[in-house]
1. For segment B:132-182, what are the residues that are within 19 Å of residue B:196 (Cβ to Cβ), without any contact (Cβ under 8 Å) to a residue 40 or more places away in the chain and aliphatic (A, V, I, L, M)?
2. Going by the conditions given, is residue B:158 within 22 Å of residue B:263 (Cα to Cα) and either in contact with a Lys or Arg (Cβ under 8 Å, 6 or more places away or on another chain) or assigned to a strand (DSSP E or B) (or both)?
3. As an exercise: evaluate residue A:90 against (1) over 21 Å from residue A:180 (Cβ atoms); (2) exposed (fewer than 15 other Cβ atoms within 10 Å of the Cβ) and give the number of the one condition it does not meet.
4. Could you tell me whether residue A:191 is surrounded by 15 or more Cβ atoms within 10 Å (Cβ to Cβ), at pLDDT below 85 and under 22 Å from residue A:78 (Cα atoms)?
5. Being in the same structural domain as residue A:112 (by TED's automatic domain parsing) and either in contact (Cβ under 8 Å) with a residue 60 or more places away in the chain or touching a helix residue (DSSP H, G or I) at 6+ places or on another chain (Cβ under 9 Å) (or both) is true for just one of A:31, A:60, A:80. Which residue is that?
6. Kindly evaluate residue A:141 against the criterion of being surrounded by 14 or more Cβ atoms within 10 Å (Cβ to Cβ), assigned by TED's automatic domain parsing to the domain that holds residue A:206 and farther than 13 Å from residue A:238 by Cα.
7. Is it the case that residue B:220 is of a type in the set (A, V, I, L, M, F, W, C), surrounded by fewer than 19 Cβ atoms within 10 Å (Cβ to Cβ) and not in a helix (DSSP H, G or I)?
Amino acid sequence: MRSWWSKIFGDSSALCWFCQSPRPKVIGNPIWEQLCAGCTEKRKMLAYPQCRVCGKPNSIDDSFCYDCQRTPESDRVVNISCVEYNHWARLVVQQWKYRGDERLSRPMGLWMASLIKQRFLHMDRFMITYVPCHRKRVYERGFDQAKQLAHIIGAQLHVPVVDLLVRQSYQDQPQSKRSRDQRLQALVGTFSYQGKQMDSSGQSVLLVDDVYTTGSTVRECAKLLRKANFQPVACTFARTNSEYV
Amino acid sequence: MEIKQESECTYSFWEGRLLLDQEVQRFRALHFPRQSEDEWIEMIRQWRGKNWLAVFPAIVSRDGRWKCLRCGADQEFIFFTPCGRCERDRCASCKHCLLLGRARSCQYLYRFVREGHDRVQIARTVKPSSIQLTARQSVTAQKLSTYVKQKMPTVLFWAVTGAGKTETMIPVIEPLIRQGMSVLWCTPRQDVVKELAPRLKRFFPDEIVTEHYAGSPDKWMLSPLVIATAHQTIRMAHLFDLVIVDEADAFPLEGNPALEYSIQRSKRTGGTIILLTATPTDLWIHRMRKGILPTVLLPCRFHGKPMPCPIWKREPVLWDQIKSHKMNRTVQRIINEITSTDGQALWFVPRIEDARIVAEWLKRESSFDEGQVDFVSSTDENRTEKMLRFRDRNILHLVTTTILERGITIPQCHAVVLRADHPVYDRASLVQIAGRVGRSLQYQAGKVWFLSNHKTEPICQAIREIQLLNREACKEFGG
């Protein structure tokens with residue numbers, strides 16, 4: 001009947017990026033508005049004001065949160081995240097990482113890219129790296145999740161993606177199943193720097209990962225990058241927002 | 001000789017499975033932790049030599065069209081990504097069975113099937129079942145048993161809602177189990193499996209019944225009577241002598257060729273599929289009329305009372321009245337009638353966001369106590385809790401979407417469909433909604449109302465179908 005309409009103006013409905021159910025299509029919406037009603041209700045964006053370092057929602061102002069006060073100043077890494085790691089985000093990450101639904105990396109990457117655009121793009125000479133998976137894990141899953149996010153972000157922002165880090169030890173138990181103390185201990189010596197000794201004095205590098213829980217993975221990687229004279233900042237898709245983990 | 005026997009014994013664990021590489025490894029670690037790698041390779045070699053095991057890639061391309069051999073999904077479900085396993089740029093994966101672990105074209109599928117081999121049939125003792133069937137039900141069960149004995153490939157069992165389908169199936173299943181055959185009861189949804197298993201465990205010993213759904217404890221165990229969600233049948237092949245497909249017309253079974261394929265595959269050659277439904281699709285009715293699809297009809301409920309016939313009322317301004325906070329006279333009358341007969345009501349609305357609006361409207365415009373009116377939808381977190389409160393009569397009026405159209409039994413229930421002309425209501429769902437009412441012999445005052453602006457084709461069809469079934473039931477009882 002109105003076939004010419006959709007031919008000219010495109011379809012009026014589209015599919016939700018995350019659960020493939022129909023959603024209204026509005027041209028020009030940011031990616032976090034391009035979700036179905038169910039996902040919009042369940043996803044929770046991080047509220048402002050946030051801790052100026054790790055991005056944790058603070059109730060008062062943008063001062064340091066308790067977690068960041070505990071970490072030594074040289075270890076602190078600025079982090080931004082898209083959503084709170086609630087039940088919905090957990091399901092999304094599960095489906096993406098463990099069930100291998102690679103289609104989800106596109107919306108996640110675009111979402112992170114638009115956030116980076118707002119917060120970090122003023123930095124000059126800026127490149128992207130990621131928290132790598134172990135070779136064996138890549139074989140199991142079939143893809144390196146953070147690498148995929150990094151490449152999508154890089155393509156979106158026209159920023160080069162470089163492999164700087166490599167994961168040395170294979171852990172039987174994934175990071176997501178440990179307590180805070182175990183995490184902090186288990187990470188020592190997990191990663192190593194593999195980039196060439198380039199002239200990197202003070203260059204900013206963006207570290208991409210999927211979930212930020214205690215920030216120990218990000219901090220461990222940042223330590224290595226600092227040793228190689230980079231200035232690391234981090235961007236993650238989801239972060240926890242509980243008092244203590 | 002000893003090795004041979006051992007391998008045969010081990011094979012019985014594997015028989016009838018269709019597993020991916022990684023699933024085989026997981027299963028081995030779970031059940032044979034002491035088996036060494038060499039032994040396993042030797043066993044595989046033997047089995048492949050005897051044609052008991054076939055190993056092939058999970059996704060293949062035939063004449064340029066890709067196909068997932070695991071779930072039977074076609075080209076449209078296949079997507080390509082760079083792969084970290086085979087390090088190729090375009091490795092095919094299947095979208096359709098993604099939730100059961102990802103199948104890739106670089107991954108092998110193990111199919112443990114012995115063609116033409118009669119399994120050792122161990123006769124099992126079954127508790128003498130203590131069910132009381134009505135005369136009509138036992139006649140139906142006998143008819144179904146004959147079809148199963150004749151090895152009919154597909155049989156349609158059309159029973160009205162509340163006819164006691166589960167109970168009727170038990171005398172059909174029982175002799176098969178006794179002879180050592182295996183039976184699959186497959187349903188579209190997980191909660192049905194969880195509800196059905198305890199009911200069946202009353203009739204059969206516990207070790208015979210296993211439940212298969214995502215995250216169930218005995219997902220890896222096979223037993224003579226398996227209750228599974230339709231998706232789990234993807235992991236089984238040529239295993240069952242009788243497959244019962246419960247609610248065969250419900251989402252996601254209906255119109256999903258890939259799931260149909262895997263259900264077909266899970267039955268052995270010469271086995272029977274019984275399609276169990278209260279609302280057969282048009283295609284099945286067509287086939288039934290042509291005589292291609294053998295059908296058994298059970299038109300009356302277990303208590304012998306007819307289904308309540310829906311009452312259609314034209315309410316053109318109802319939705320405006322809801323928006324402008326006015327009471328509608330018909331709705332007021334309905335509420336009065338429900339209250340006077342001491343009943344409860346399910347109010348069906350077409351969309352999730354309408355449920356809250358209607359619930360608030362009912363709460364405000366009628367004099368109900370706090371908590372007597374509530375709403376549920378599929379996205380509701382305390383859905384089960386609200387359902388329990390509705391069952392305990394703490395909630396008297398529950399506004400809901402079509403999620404509650406199937407599988408719930410409330411004794412003193414009425415049903416009202418608002419905006420019955422909305423396209424989400426097709427014939428099947430309207431008949432199912434009407435089937436919620438009048439399920440107990442003690443309470444027959446339950447009524448069904450359809451309120452809408454137009455009388456659409458599904459409304460007419462639903463009313464006609466209920467009248468037809470009631471007439472059939474009358475005929476059986478001799479007037």
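1. Correct list: B:133, B:141.
2. Yes: the conditions hold for residue B:158.
3. Residue A:90 satisfies all of (1) over 21 Å from residue A:180 (Cβ atoms); (2) exposed (fewer than 15 other Cβ atoms within 10 Å of the Cβ) except (1).
4. In short, no.
5. A:80
6. Answer is yes for this residue.
7. Against the criterion (of a type in the set (A, V, I, L, M, F, W, C), surrounded by fewer than 19 Cβ atoms within 10 Å (Cβ to Cβ) and not in a helix (DSSP H, G or I)), residue B:220 qualifies.
So that you can scan it fast, the table gives a plain yes or no per residue for (1) surrounded by fewer than 21 Cβ atoms within 10 Å (Cβ to Cβ); (2) outside the structural domain of residue B:285 (by TED's automatic domain parsing); (3) more than 20 Å from the chain's Cα centre (by Cα):
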position: B:389; (1), (2), (3): yes, yes, yes
position: B:394; (1), (2), (3): yes, yes, yes
position: B:409; (1), (2), (3): yes, yes, no
position: B:412; (1), (2), (3): yes, yes, yes
position: B:415; (1), (2), (3): no, yes, yes
position: B:437; (1), (2), (3): no, yes, yes
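The values are calculated or read from the model by the stated rules, or taken from the named source; none is laboratory data. Because the structure is predicted, anything quoted here is derived from the model rather than measured. No Cβ is skipped: glycine too gets one built from the backbone with ideal geometry, and neighbour counts run over all protein chains shown.
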